[in-house]
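Read the structure below first, then the notes.
The values are calculated or read from the model by the stated rules, or taken from the named source; none is laboratory data. Quantities reported herein were computed from a predicted structural model and do not represent experimental measurements. In this analysis, Cβ positions are derived from the backbone assuming ideal geometry, glycine residues included, and neighbour counts consider all displayed protein chains.
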Amino acid sequence: MSDLPRIGVLVSGRGSNLAALIAATENGTLPAQIALVISSKPNVPALEIAANAGIPTQVMRPRDFASRHEEGEAIIAAMRSAQVELLVLAGYARLVDPCVIEAYRWKIINIHPSLLPAFAGSMAPGPQAAALAAGVKFSGCTTHFVTEDTDAGPIIDQAVVPVHDDDTVETLADRILRAEHQLLPASVAAVLAGEVQIIDGRRTVRRSSVHAGD
Ligand code: GRF
């Protein structure tokens, strides 16, 4: 087994962010090993992407469990047995149970397709459609630590993209997605490298930007 930090990825669908994470582990920009991929849905492309990369997968459907808590306990058990130290939600269409957040406190990263706190609280393409409807001129994506407050944990990083007058939800979502594929692996790498410091459980700063006396 390599000495690289072991990450677990939770998915539900297309898996393009998972593919970006895998590519980053392969080209060395994300010095980590993806040890386990758990999907809340069977037969999704993300599972095939993981299997093609030789990554173990498990399907945990909500209906396989009596409660969200039981589902959370199963996720914790699987991730712990894979010796996972950091979880990444990459298009995971579930709210994780508080027991997972507690077990992996400040060790769960989510990517959301808007500039949080704008357009929080719904799954893609809801945030992209809401951005278009609001007439914003810029949108983007946000990586953040997962807390009990949905889409409201400390922001790790953001990437901005323009919104064009002739955008559709699809063209905007595509532009944001390309930014996501850069932002997510970079954020995971920064967290694993210990560069992201959480202040008062509310916001983050880069360690290199923390001044003496702060
Ligand atoms: C992305 O837009 C992500 O921001 C959101 O869900 C989508 C997942 O896409 N949370 P994919 O499965 O990674 O292709």
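What to note about this one:
- The set of residues in segment 9-32 that are within 11 Å of the ligand (Cβ to nearest atom), surrounded by fewer than 21 Cβ atoms within 10 Å (Cβ to Cβ) and either of a type in the set (Phe, Trp, Tyr) or not in a helix (DSSP H, G or I) (or both) comprises Ser12, Gly13, Arg14.
- Residues being under 15 Å from Ser16 (Cα atoms) and in contact with a Ser or Thr (Cβ under 8 Å, 6 or more places away or on another chain) - total across segment 43-70: 5
- In segment 163-178, the residues that are assigned by TED's automatic domain parsing to the domain that holds Gly126 and in contact (Cβ under 8 Å) with a residue 24 or more places away in the chain reach residues that are more than 12 Å from the ligand (Cβ to nearest atom) and charged (D, E, K, R) with C-beta atoms within less than 6 angstrom, at least six apart or across chains, in these pairs: Val163/Lys137.
- Per-region count, segment 100-115, residues within 11 Å of the ligand (Cβ to nearest atom), out of contact with any Pro (no Cβ under 8 Å at 6 or more places or on another chain) and free of Cβ contacts under 8 Å to residues at least 60 places away in the same chain: 1
- Residue count, segment 122-141 (criterion: touching a strand residue (DSSP E or B) at 6+ places or on another chain (Cβ under 9 Å), within 13 Å of the ligand (Cβ to nearest atom) and without any contact (Cβ under 8 Å) to a residue 40 or more places away in the chain): 3
- Of all residues in segment 81-99, those satisfying the criterion of being under 22 Å from Ala190 (Cβ atoms) and either within 11 Å of the chain's Cα centre (by Cα) or away from the ligand (no atom under 16 Å from the Cβ) (or both) are Gln83, Val84, Glu85, Leu86, Leu87, Val88, Leu89, Ala90, Gly91, Tyr92.
- If you check Ala66, Ala74 for being under 18 Å from Val96 (Cα atoms) and touching a Phe, Trp or Tyr at 6+ places or on another chain (Cβ under 8 Å), only one passes: Ala74.
- Failed criterion for Ala186 (all others in (1) closer than 25 Å to Pro5 by Cβ; (2) not polar (S, T, N, Q); (3) not in a helix (DSSP H, G or I) hold): (3)
- Among the criteria (1) at pLDDT 95 or above; (2) outside any helix (DSSP H, G or I), the one Ser2 does not fulfil is (1).
- Hey, Ala50 hydrophobic (A, V, I, L, M, F, W, C), closer than 19 Å to Arg94 by Cβ and in contact with a strand residue (DSSP E or B) (Cβ under 6 Å, 6 or more places away or on another chain) or not: yes
- Residue, surrounded by the most Cβ atoms within 10 Å (Cβ to Cβ), within segment 120-150, restricted to residues that are modelled with pLDDT under 95 and touching a helix residue (DSSP H, G or I) at 6+ places or on another chain (Cβ under 9 Å): Ala124
- Test: residue in segment 108-116 that is in a loop (DSSP other than H, G, I, E, B), modelled with pLDDT under 95 and in contact with a Ser or Thr (Cβ under 8 Å, 6 or more places away or on another chain): no
- A search for C-beta distances below 7 Å between a residue of segment 189-208 that is surrounded by fewer than 11 Cβ atoms within 10 Å (Cβ to Cβ) and of a type outside the set (Phe, Trp, Tyr) and any residue that is assigned to a helix (DSSP H, G or I) and at pLDDT below 95, counting only pairs 6+ apart in sequence or on different chains, returns Gly194/Arg207.
- Among the residues making up segment 33-47, those that are away from the ligand (no atom under 12 Å from the Cβ) and not in a strand (DSSP E or B) are Pro42, Asn43.
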